[in-house]
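Single-structure report; data block below.
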């Protein structure tokens, strides 16, 4: 994908409490949408906690933050309670949104290949355009990098 802004694919998914979230309803506020592989794994927990710990800065900039994985609504609800998260997590059980954003990829670990979510973050402006994307995200320092860009919006 290019660095040019492009129209965000439709995102209508249930959150951790089963409420259907349509990202269009949050316009004209910007959105940070981050995709992560699995609830309650070390990197995903750290990333979700980093977003939670900085939520006041996102709120202050009127930016909504949503995490997305293929985990179930129930898994998201348990993850939020266990880790004391303040962000909303969307359940893409069928993987449609993951595919639309191109984050469902072949991965490999210990010599085995499998399909999984490539940790990625997207900033969507108030007009519904993706204006920045990060692929193959390294968790450490990532939220600060996102916040630096938010400051420039």
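The values are calculated or read from the model by the stated rules, or taken from the named source; none is laboratory data. Owing to the predicted nature of the structure, the values given are computational and were not obtained by experimental measurement. With ideal geometry, Cβ positions are generated from the backbone for all residues, glycine too; neighbour counts draw on all protein chains shown.
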message = Quick check on my filter: what residues within the stretch 109-137 are surrounded by 11 or more Cβ atoms within 10 Å (Cβ to Cβ), at pLDDT 90 or above and within 19 Å of residue 42 (Cα to Cα)?
response = 117, 118, 119, 120, 121, 135, 137
query = Looking at 39, 71, which is the one that is crowded, with 22+ Cβ neighbours inside 10 Å, without any contact (Cβ under 8 Å) to a residue 40 or more places away in the chain and either farther than 23 Å from residue 128 by Cβ or out of contact with any strand residue (DSSP E or B) (no Cβ under 6 Å at 6 or more places or on another chain) (or both)?
reply = 71
query = When only residues in the stretch 54-63 that are in contact (Cβ under 8 Å) with a residue 12 or more places away in the chain and surrounded by fewer than 20 Cβ atoms within 10 Å (Cβ to Cβ) count, which is farthest from residue 146 (Cα to Cα)?
reply = 62
ask   = Which residue pairs have Cβ atoms closer than 7 Å, lie 6 or more positions apart in sequence or on different chains, and pair a first residue in the stretch 1-21 that is more than 16 Å from residue 129 (Cα to Cα) with a second residue that is part of a loop (DSSP other than H, G, I, E, B) and at pLDDT 95 or above?
value = 13/92
ask   = So which residues in the stretch 1-36 are touching a strand residue (DSSP E or B) at 6+ places or on another chain (Cβ under 8 Å) and more than 17 Å from residue 126 (Cβ to Cβ), if there are any at all?
value = 1, 12, 13, 14, 15, 16, 20, 34, 35, 36
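Those residues that are touching a residue at least 40 places away in the same chain (Cβ under 8 Å) and over 25 Å from residue 29 (Cβ atoms), I need them from the stretch 84-116; list them, please.
Of everything in the stretch 84-116, just one residue is touching a residue at least 40 places away in the same chain (Cβ under 8 Å) and over 25 Å from residue 29 (Cβ atoms), namely 116.
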inquiry  = So residue 145 ticks every box in (1) within 14 Å of the chain's Cα centre (by Cα); (2) assigned to a helix (DSSP H, G or I); (3) without any contact (Cβ under 8 Å) to a residue 24 or more places away in the chain but one. Which box is left unticked?
reply    = (1)
